[in-house]
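I have placed the structure first, in the form of structure tokens, so that the comments after it can refer back to it.
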Amino acid sequence: MRPTNLLLLCGGGGDEHAISLLSANYFETSLAKLPHVTVLRVELDGNGQYRTKTGQACELTNQKMIRFDDESIAPWPVDYVIPCIHGFPGETGDIQSYFDLIKLPYFGCDSEGSSNCFNKITAKMWFSALGIPNTPYIFLNQLDENAIVQTKAALQQWGSIFVKAASQGSSVGCYRVDQQQDITAILTEAFSFSPYVVVEKTICARELEVAVYQYRGETVATLPGEVICSADTFYTFDEKYAANSQATTQVVADVSTEIAERIREYAIKVFDGMKLRHLSRIDFFLTPDNEILLNEINTFPGLTPISMFPKMLANHGDDFSEYLAEAIEKRGSR
């Protein structure tokens, strides 16, 4: 029996292109431990062009083949894809729609689940529909005087707010606002990233993260972990991924078993309720009064050296390579 031909597709050309390449490195290392899997790494750029790791131009055809511009290289049949793309077009569900169209099995959440989670408005509607507490918010669908008035009223009511582009990840287009005079400029900036904007009440709380994944016939939710930033600020894009980042991750040890279990129950409830698949990182706020609020879901979490998901999976006692092997073996099934 021939090995499984696995396409490791990375990049994407969006704001998180470089981070996707770092995550692809982690996948390559993990997949190298699987002798029955042959990996071809291909990078997708912002112009929709594909290139192999050695620079060969190619494309993924609707016949589930990698076809090379150099016709002397035989087409490469693809059995399975890992779309290691953070942000557009991976976490948005766009690339998954193409895989579904050509009936190519792939790793990760499907198109609908990815899209529902990536859009912060849609996600919050789902959280509420499933009965899971989340942060108070207002929704803005265009930048006009009414949006400015609504945002100023929210700031006056809540004291501090976050303005977030609705369809961005990794804190891109996300701003804390404490002064009325900053609102117009920040709304303008947020709307430059997305046609929709969510304004949320600032929650003074710890941010706890749970790795959720399907393994050995069940949905697994790890114990919560926590990101410790180097300063009293929110977890920005640069703080997440900069080479000199001082942020650290750790398993939470000072919350009660009851709180930890409730967080895990919420995580499994939203993962299963939204019909997510394979993996997600689910982020919560825990207030000083022990109120738990679901913040967001990352359907393709980062897998860099400081990322939470692989650390939480390992802390739970599971091996990432073995976990991938099972997902690949069960390709085509939910």
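With respect to the numbered conditions (1) in contact with a Cys (Cβ under 9 Å, 6 or more places away or on another chain); (2) within 22 Å of Ser307 (Cβ to Cβ); (3) assigned to a loop (DSSP other than H, G, I, E, B); (4) open to solvent by 50 Å² or more (accessible area, probe 1.4 Å), which one is the sole condition not fulfilled by Tyr26?
Going through (1) in contact with a Cys (Cβ under 9 Å, 6 or more places away or on another chain); (2) within 22 Å of Ser307 (Cβ to Cβ); (3) assigned to a loop (DSSP other than H, G, I, E, B); (4) open to solvent by 50 Å² or more (accessible area, probe 1.4 Å) one by one, Tyr26 breaks only (3).
Residue by residue, here is whether (1) open to solvent by 10 Å² or more (accessible area, probe 1.4 Å); (2) charged (D, E, K, R); (3) part of a loop (DSSP other than H, G, I, E, B) holds:
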residue: Val255; (1), (2), (3): yes, no, yes
residue: Glu258; (1), (2), (3): yes, yes, no
residue: Phe271; (1), (2), (3): no, no, no
residue: Ile282; (1), (2), (3): no, no, no
residue: Phe285; (1), (2), (3): yes, no, no
residue: Ile306; (1), (2), (3): yes, no, yes
residue: Phe309; (1), (2), (3): no, no, no
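Being within 21 Å of Glu91 (Cβ to Cβ), surrounded by fewer than 22 Cβ atoms within 10 Å (Cβ to Cβ) and of a type outside the set (D, E, K, R) is the filter; apply it to region 32-49 and report the residue that is nearest to the chain's Cα centre (by Cα).
Gly46
Can you name the condition, by its number, that Gly159 falls short on among (1) touching a Ser or Thr at 6+ places or on another chain (Cβ under 8 Å); (2) free of Cβ contacts under 8 Å to residues at least 60 places away in the same chain; (3) open to solvent by less than 40 Å² (accessible area, probe 1.4 Å)?
(3) is the only condition that Gly159 fails.
Farther than 30 Å from Ser128 by Cβ, touching an Asp or Glu at 6+ places or on another chain (Cβ under 6 Å) and either open to solvent by less than 40 Å² (accessible area, probe 1.4 Å) or of a type in the set (Ser, Thr, Tyr) (or both): does that describe Ala57?
The answer is yes for Ala57.
Residues are listed down the side, and each one gets a yes or a no for (1) closer than 27 Å to Glu329 by Cβ; (2) of a type in the set (Asp, Glu):
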position	(1), (2)
Gln49	no, no
Lys64	yes, no
Phe68	no, no
Ala74	yes, no
Asp79	yes, yes
Ile82	yes, no
Gly90	yes, no
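Criterion first (out of contact with any helix residue (DSSP H, G or I) (no Cβ under 6 Å at 6 or more places or on another chain), surrounded by 18 or more Cβ atoms within 10 Å (Cβ to Cβ) and not polar (S, T, N, Q)) does Glu112 satisfy it?
no
Of Ile73, Ile82, which residue is surrounded by 13 or more Cβ atoms within 10 Å (Cβ to Cβ), of a type outside the set (Ser, Thr, Tyr) and within 26 Å of Ile306 (Cβ to Cβ)?
Checking each option against the conditions leaves just Ile82.
Just checking, how many residues over region 1-11 are open to solvent by less than 10 Å² (accessible area, probe 1.4 Å) and modelled with pLDDT under 95?
Residues in region 1-11 being open to solvent by less than 10 Å² (accessible area, probe 1.4 Å) and modelled with pLDDT under 95: 0 in total.
For region 318-334: of the residues being farther than 22 Å from Thr92 by Cα and at pLDDT below 95, which is most open to solvent (accessible area, probe 1.4 Å)?
Here the residue is Glu329.
Among Thr202, Thr135, Thr184, Thr151, which is the only one that is farther than 25 Å from His17 by Cβ, touching a residue at least 24 places away in the same chain (Cβ under 8 Å) and open to solvent by 20 Å² or more (accessible area, probe 1.4 Å)?
Thr184
Would region 118-125 turn up any residue that is farther than 20 Å from Val270 by Cβ and either open to solvent by less than 20 Å² (accessible area, probe 1.4 Å) or not hydrophobic (A, V, I, L, M, F, W, C) (or both)?
no
The values are calculated or read from the model by the stated rules, or taken from the named source; none is laboratory data. Note that the structure is predicted; figures quoted are calculated from it, not measured. Note: ideal-geometry Cβ built from the backbone for every residue, glycine included; neighbour counts use all protein chains shown. To get the accessible areas, we keep the full protein, side chains included, count just its heavy atoms, and leave off ligands, DNA and RNA. Shrake-Rupley method; radii C 1.70, N 1.55, O 1.52, S 1.80 Å.
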